[in-house]
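S.K.: Dropping the structure in here first, questions after.
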Amino acid sequence: MKVAIFGLGYVGTVTAACLATHGHEVWGVEIDPGKVALVDAGRSPIVEPGLDDLVGAAVRAGALHATGDDAAALDGADVSLVCVATPSSAQAGTDLGHLDAVTASLAAALRAGPGDPGRRHVVAVRSTVPPGTVERLERRLAAALAGTRRRVGVAMCPEFLREGTAIADFFAPPFTVIGAGDDDVAATLTDLLAVPGRPVHTVDPRTAEALKYACNAFHATKVTFANELGRIFRRYGVDSREVMRLFCEDDQLNISPRYLRPGFAFGGSCLPKDLRSLLHLARVANVDLPLLAATLQSNAVCVNDVVDRVVAGDGHTVALLGLSFKPDSDDLRESPSVDVAERLLGKGYEVRIYDPIINPAALTGSNRAYVQTRLPHLRRILTDTAADAVAGADVALVSSVDPAVLAALRAAPPARLIDLDGRLGGDLERLPGYEGVAW
């Protein structure tokens, strides 16, 4: 393909050089004449191991060019990749000024070109942008090209390049993500960017835009998490490097997809207690752990949000389907569902609870003591069947996927159904009153 790459910064230069080695004709578009001169001389405008050699070889082969002329780059081009900077704004948002400038110049160059009614030019954003940006870009290009023969498809293709290993990352990415609502656009970008043997995921543009934020936020969180543990453990004579070495060997819970599924708050007999204990150790040692402290606060916000959503709606009869802190357990200690029930009862709501496992008579020890303190009238509000809990309810809060629960919801769906688990299935998610707790 002929590919125009707007922006010869870090992402743009790496992408341009790597695509050129695959046999594509690549034109880098850059407003900085110094960068243009460097690339035309076969040198990289950024420092990255191996990139000078890659740029030089591609330029000598006639596969890589640099220019400040949008029209020359777009003449006959199949794809434009937008790789401009999206820095923080003065208000800490995303400054899309460079993207807007490229959109305007792209539209002007495409409009001035002859166009081919049988071909569609594909524009893909590689820069990190807020969800909805690609849709806005598509509307602007469509308006600018109205009345011409130009046809344009727009997509989001986030990059996953690390400085220092960018070339290796380009040729061996974790996956390729194509955020496109059009199959032909997705096919074109898959042909261009997919790497043999690596998965390709075609999603809607907003998912692709959000994914890059999710990845970088998690990376930042991991660094902060390890540093906070280092600060506290050092005060207690512990080598945190050894702790984290062993921590990372656990690929069943720690370094795994476990606990990374959006849903309701955490609870149980371990996580809240041990996190509070760790924060107590920090206070004793006069060590500040803002990330871990905020974890408890954020967990409380999850519970607050569910209660607020119930209160904001109509009706005063609530079916709470699932009471333990997680499915297939009768442990009610620090269950967020118990907290929700207690608070709704305190606000005067009629609450009916069904849990396929919970039997008040069988609860023992600290589990029983906890329930007697928080929900002393559990026997009165616990129903024998899921159907009894759902009958006549205005809203259902669902954390159980027990077959009886699913059957009761299908037979008599309430006006509102708030899914706390995310595994209810397509038919229930298509109900008009369905709401996901975090989606």
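S.K.: Being open to solvent by less than 10 Å² (accessible area, probe 1.4 Å), part of a helix (DSSP H, G or I) and at pLDDT 95 or above narrows it down to one of Leu192, Leu81, so name that one. Before the answer, list the steps.
M.R.: Numbers: Leu81 fails: part of a helix (DSSP H, G or I).
Of the residues listed, the single one that is open to solvent by less than 10 Å² (accessible area, probe 1.4 Å), part of a helix (DSSP H, G or I) and at pLDDT 95 or above is Leu192.
S.K.: Looking at segment 339-356, I want the residues that are within 21 Å of Asn299 (Cβ to Cβ) and have a partner that is open to solvent by 50 Å² or more (accessible area, probe 1.4 Å) and at pLDDT 95 or above with Cβ atoms under 7 Å, at least 6 apart or on another chain. Which pairs are those?
M.R.: If the second residue must be open to solvent by 50 Å² or more (accessible area, probe 1.4 Å) and at pLDDT 95 or above, the pairs left are Lys347/Val311.
S.K.: Further, regarding this structure: Testing Gly268 on (1) closer than 23 Å to Arg423 by Cβ; (2) open to solvent by less than 40 Å² (accessible area, probe 1.4 Å); (3) at pLDDT 95 or above; (4) out of contact with any Lys or Arg (no Cβ under 6 Å at 6 or more places or on another chain), one condition comes back false. Which one is that?
M.R.: Tallying (1) closer than 23 Å to Arg423 by Cβ; (2) open to solvent by less than 40 Å² (accessible area, probe 1.4 Å); (3) at pLDDT 95 or above; (4) out of contact with any Lys or Arg (no Cβ under 6 Å at 6 or more places or on another chain), Gly268 fails exactly one: (3).
S.K.: Residue pairs, Cβ under 8 Å, 6 or more apart or interchain, first in segment 234-248 and closer than 18 Å to Thr224 by Cβ, second open to solvent by 90 Å² or more (accessible area, probe 1.4 Å) and assigned to a helix (DSSP H, G or I). List them.
M.R.: These pairs meet every condition: Ser240/Arg234.
S.K.: Let me ask something additional. Within segment 174-187, identify whether any single residue is open to solvent by 60 Å² or more (accessible area, probe 1.4 Å) and aromatic (Phe, Trp, Tyr), and answer yes or no.
M.R.: Taking every residue of segment 174-187 in turn, none turns out to be open to solvent by 60 Å² or more (accessible area, probe 1.4 Å) and aromatic (Phe, Trp, Tyr).
S.K.: Val154 passes all but one of (1) within 24 Å of the chain's Cα centre (by Cα); (2) among the aliphatic types (A, V, I, L, M); (3) open to solvent by 60 Å² or more (accessible area, probe 1.4 Å); which number fails?
M.R.: (3)
S.K.: Moving on. Taking segment 47-58 as the region of interest, how many residues are without any contact (Cβ under 8 Å) to a residue 40 or more places away in the chain, surrounded by 13 or more Cβ atoms within 10 Å (Cβ to Cβ) and either under 15 Å from Gly12 (Cα atoms) or within 33 Å of the chain's Cα centre (by Cα) (or both)?
M.R.: 1
S.K.: Also, quick follow-up: Restricting to segment 325-352, give me the number of residues that are closer than 20 Å to Pro262 by Cβ and not acidic (Asp, Glu).
M.R.: Of the residues in that region, 7 qualify.
S.K.: Which of the residues that make up segment 304-332 are part of a loop (DSSP other than H, G, I, E, B) and buried (at least 21 other Cβ atoms within 10 Å of the Cβ)?
M.R.: Gly322, Leu323, Ser324, Phe325, Leu332
S.K.: Within segment 419-430, take every residue that is at pLDDT 95 or above and in a loop (DSSP other than H, G, I, E, B) and give me the one that is surrounded by the fewest Cβ atoms within 10 Å (Cβ to Cβ).
M.R.: Top of the filtered list is Arg430.
S.K.: Turning to a different aspect of this structure: Go through the residues of segment 85-92 one by one and say whether even a single one is loosely packed, with under 15 Cβ neighbours inside 10 Å, touching a His at 6+ places or on another chain (Cβ under 9 Å) and closer than 23 Å to Thr165 by Cα.
M.R.: Pass one, segment 85-92, residues loosely packed, with under 15 Cβ neighbours inside 10 Å: 87-92.
Okay, now just the ones that are also touching a His at 6+ places or on another chain (Cβ under 9 Å), so 87.
If we keep only those that are closer than 23 Å to Thr165 by Cα as well, we get 87.
Yes, some residue in segment 85-92 is loosely packed, with under 15 Cβ neighbours inside 10 Å, touching a His at 6+ places or on another chain (Cβ under 9 Å) and closer than 23 Å to Thr165 by Cα.
S.K.: State all residues of segment 1-39 that are in a helix (DSSP H, G or I), touching a helix residue (DSSP H, G or I) at 6+ places or on another chain (Cβ under 7 Å) and within 11 Å of Thr67 (Cα to Cα); if no residue qualifies, say none.
M.R.: Val39
Okay, residues lined up against (1) among the aromatic types (Phe, Trp, Tyr); (2) modelled with pLDDT of 95 or more; (3) in a helix (DSSP H, G or I):
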residue	(1), (2), (3)
Arg379	no, no, yes
Ala387	no, yes, yes
Leu397	no, yes, no
Ala407	no, yes, yes
Leu417	no, yes, no
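S.K.: Being over 30 Å from Val3 (Cα atoms) and of a type outside the set (Lys, Arg) is true for just one of Leu189, Leu246, Leu211. Which residue is that?
M.R.: Leu246
The values are calculated or read from the model by the stated rules, or taken from the named source; none is laboratory data. Computed from a predicted structure; not experimentally measured. Positions of Cβ are backbone-derived with ideal geometry, glycine not excepted, and every protein chain shown enters the neighbour counts. Keep in mind that these areas ignore ligands, DNA and RNA; they rest on the heavy atoms of the full protein, side chains included. Shrake-Rupley method; radii C 1.70, N 1.55, O 1.52, S 1.80 Å.
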